[in-house]
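Taking it in order: structure first as structure tokens, then the write-up.
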Amino acid sequence: MVEGQNVMGRLERLTGMLRRRGVILPAFEIHGGAKGLYDFGPVGGRLRAKVQDVWRDHWLSQGDVVEISCPTVTPFAVLEASGHVAEFSDFMTVCQACNEASRADTMLEAHHPNPDALSMSELQALLDEASPPCPACGATEWSSIAAENLMFDTVIGAGSSGRAAFLRPETAQGMFTTYPAIYRHFRERLPFGAMQLGRGYRNEISPRQGMIRLREFNMAELEYFIDPEAEASHDFTPWRSTSVHLVPAEGDPFQSTIPDALDNGVILHPTVAWYMARTHDLLHALGIDLDKLRFRQHARDEMAHYALDCWDVELHGSYGWVECVGIAHRGCYDLEAHERATGQRMRAWRNYAEPKIVEIDGWTTDGAKAGPAFRALAGQVKAKVESLPADAAFPASLILENGEEAVVEPEHVRRVQRTESVAGEWFIPHVVEPAFGIDRIIWHIIDHAYQEAGDGDDLYVRMHLHHDVAPIDAAVLPLFEKDGMGEIASDLHLRLCASRGVLAVYDASGSIGRRYARADEIGVPCCLTVDHTTLEDGTVTWRERDTGEQTRLSIDEAIHRLSTRA
RNA sequence: GCGCACAUGAUCUAGUGGUUAUGAUACGAGGUUCCCAACCUCGUUACCCGAGUUCGAGUCUCGGUGUGCGCACCA
């Protein structure tokens with residue numbers, strides 16, 4: 001209990017600081033705010049950009065991944081094909097007695113093996129027939145069912161010519177809809193990946209817990225396309241001695257290296273294991289505390305029906321364990337769905353080791369004769385004839401799909417005999433998808449980095465951000481703004497800001513200790529102090545955030561150090 | 001979406017229908033100070049929004065918005 005209060009108190013102080021210092025703040029606050037929407041402020045905006053940069057560089061370093069960017073406004077048909085229109089809809093009904101809204105499919109689970117799969121009218125019929133009691137008050141008077149969609153809908157174009165559309169609920173569909181271009185870019189050779197950083201939208205019923213559940217959020221997804229029959233060749237050497245926390249779908253949590261868990265069959269697919277390992281490294285590089293990271297495998301009934309294996313990365317913070325990354329083997333589900341909806345080829349070509357020699361020996365129709373003879377049925381007759389064995393004899397009587405009989409004479413058919421060499425085949429690639437909730441990751445970077453020292457009301461706050469993600473790289477502090485120290489410091493400040501990738505702040509107000517504290521609070525990794533010695537020999541004090549340690553070095557050295565590590 | 005609680009400067013907060021709304025911290029200006037939230041002087045900033053009750057509303061009522069907690073929801 002006491003610990004719970006401490007966690008709450010810390011959380012309140014942390015969110016207060018984030019607001020006060022312009023890291024993360026409720027959006028549109030002057031108009032009363034809006035649930036589930038947050039601003040990254042002058043400090044947070046930079047933090048987000050740096051996290052995204054680290055994320056981008058990490059995956060591009062693999063060499064077989066490209067970055068794309070797709071619109072957030074997405075036509076209805078795209079999300080219908082992907083299954084989101086159905087998947088993101090809940091069929092709600094309202095109890096007439098107590099006004100409690102319930103999901104119709106959930107209540108009818110006792111009356112149907114899989115009510116989730118029913119259409120709205122089927123559900124309505126079943127609800128009328130079964131009339132289950134209201135879970136809140138026990139009444140059985142239900143309103144008619146209404147579809148609640150968790151996607152934001154909009155219209156492309158004006159008036160009656162407008163097309164229905166949604167704001168995308170995930171960025172992934174962009175990688176699938178551009179698959180043909182990506183396949184071409186990689187010169188038609190698997191495996192390869194495409195990724196995208198961007199915004200996603202979900203009209204959450206009840207956003208809670210600050211940054212954890214948002215209506216508009218930053219996400220980053222990578223789709224890695226593989227040949228399901230090719231043997232994956234991932235080098236796990238770097239992870240052979242790195243133990244991680246694993247929570248398998250069955251059995252107890254345990255610690256293991258990722259390659260061992262793969263060998264033991266806990267992780268089902270080597271490419272999933274590969275992305276788990278790479279994700280582990282990425283989160284470490286972002287400054288996530290590895291003791292507060294675990295991989296949790298989805299139970300079979302928790303996985304999307306098409307997923308073959310799925311592991312979440314959960315991070316522990318002020319809100320407990322929170323899913324921040326999903327690494328899913330999605331099979332061929334998405335590409336197949338778009339192929340089915342559009343008729344476009346969403347495939348890759350695979351050569352056989354040896355070309356296959358195919359003996360074709362069978363029958364087909366002679367169009368010139370069979371066409372006039374069977375007219376509208378000619379197509380069906382052709383299909384039927386081509387399915388006959390080589391030893392079929394004519395005339396033959398065939399029963400067609402619609403039950404009609406067709407008598408095929410010898411003159412209607414032709415024998416087909418040839419040898420074909422088939423070099424390979426088209427197949428739909430499988431996809432392994434690591435999907436990152438950037439806002440949730442940023443939250444945990446902050447949560448893990450935020451440290452309070454001291455006790456009582458006199459807490460000293462330090463954010464131990466990794467310098468790769470620290471919003472501000474350095475603070476330039478003139479000990480006093482006199483004797484020329486102020487001028488030297490402003491000049492240093494400008495030179496730092498002019499260096500690519502370096503952002504420095506200038507702070508001359510308050511005592512030096514107060515300024516160190518201000519910098520520590522938002523995680524500035526180092527402070528450069530211009531003092532009297534600077535006037536004599538041109539050196540400044542470099543003060544490390546985490547240790548408070550001070551060293552003297554020349555202004556040029558300081559600039560060089562910051563611009564090379566940024 | 002339902003229920004309960006809450007909403008006062010930048011942050012945290014006091015305030016039981018009646019003057020100019022409390023305090024701390026923070027922030028700004030000046031002073032002081034040769035390196036870790038010191039000190040002195042001065043200063044800026046607030047009753048979530050909208051209706052209502054009342055001679056009078058930060059305070060009471062209703063509605064909205066937001067926040068927290070519980071239930072439900074959570075690709």
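Of the residues making up region A:57-77, just one is of a type in the set (D, E, K, R) and free of Cβ contacts under 8 Å to residues at least 40 places away in the same chain, namely A:57.
Screening the candidates A:507, A:520 for the property of being within 8 Å of RNA strand B (Cβ to nearest atom) and touching a helix residue (DSSP H, G or I) at 6+ places or on another chain (Cβ under 6 Å) yields one hit, A:507. Residues that are away from RNA strand B (no atom under 16 Å from the Cβ) and open to solvent by 50 Å² or more (accessible area, probe 1.4 Å) number at least 1 in the following strands (runs of 3 or more DSSP E) confined to region A:186-278: A:243-247, A:254-257.
Among all residues of region A:370-389, there is none that is within 30 Å of residue A:226 (Cα to Cα), open to solvent by less than 60 Å² (accessible area, probe 1.4 Å) and either in contact (Cβ under 8 Å) with a residue 60 or more places away in the chain or not assigned by TED's automatic domain parsing to the domain that holds residue A:65 (or both). Here is the figure for region A:8-44: residues that are closer than 23 Å to residue A:518 by Cα and in contact (Cβ under 8 Å) with a residue 40 or more places away in the chain total 12. Identification of strands (runs of 3 or more DSSP E) wholly contained in region A:409-463 with 3 or more residues that are among the small types (Gly, Ala, Ser) yields A:413-427.
Please find, within region A:339-360, the residue that is surrounded by the fewest Cβ atoms within 10 Å (Cβ to Cβ) out of those that are free of Cβ contacts under 8 Å to residues at least 24 places away in the same chain and part of a strand (DSSP E or B). Selected residue: A:353.
Would you mind stating whether residue A:533 is of a type in the set (Val, Ile, Thr) and either open to solvent by 40 Å² or more (accessible area, probe 1.4 Å) or closer than 25 Å to residue A:18 by Cβ (or both)? So residue A:533 fits the description; yes. The residues listed here are A:425, A:336, A:401; of these, the one that is open to solvent by 50 Å² or more (accessible area, probe 1.4 Å) and at pLDDT below 80 is A:401. Do you know which of the residues in region A:490-504 that are small (Gly, Ala, Ser) and open to solvent by less than 30 Å² (accessible area, probe 1.4 Å) is nearest to RNA strand B (Cβ to nearest atom)? So the residue we want is A:504.
The values are calculated or read from the model by the stated rules, or taken from the named source; none is laboratory data. Predicted model, so just to flag it, every value in this text is computed and none were measured. A quick note on method: Cβ atoms are made from the backbone with ideal geometry, for glycine too, and the neighbour counts reach across all protein chains shown. In case anyone asks, the SASA skips ligands and DNA or RNA and just uses the protein heavy atoms, side chains included. Shrake-Rupley method; radii C 1.70, N 1.55, O 1.52, S 1.80 Å.
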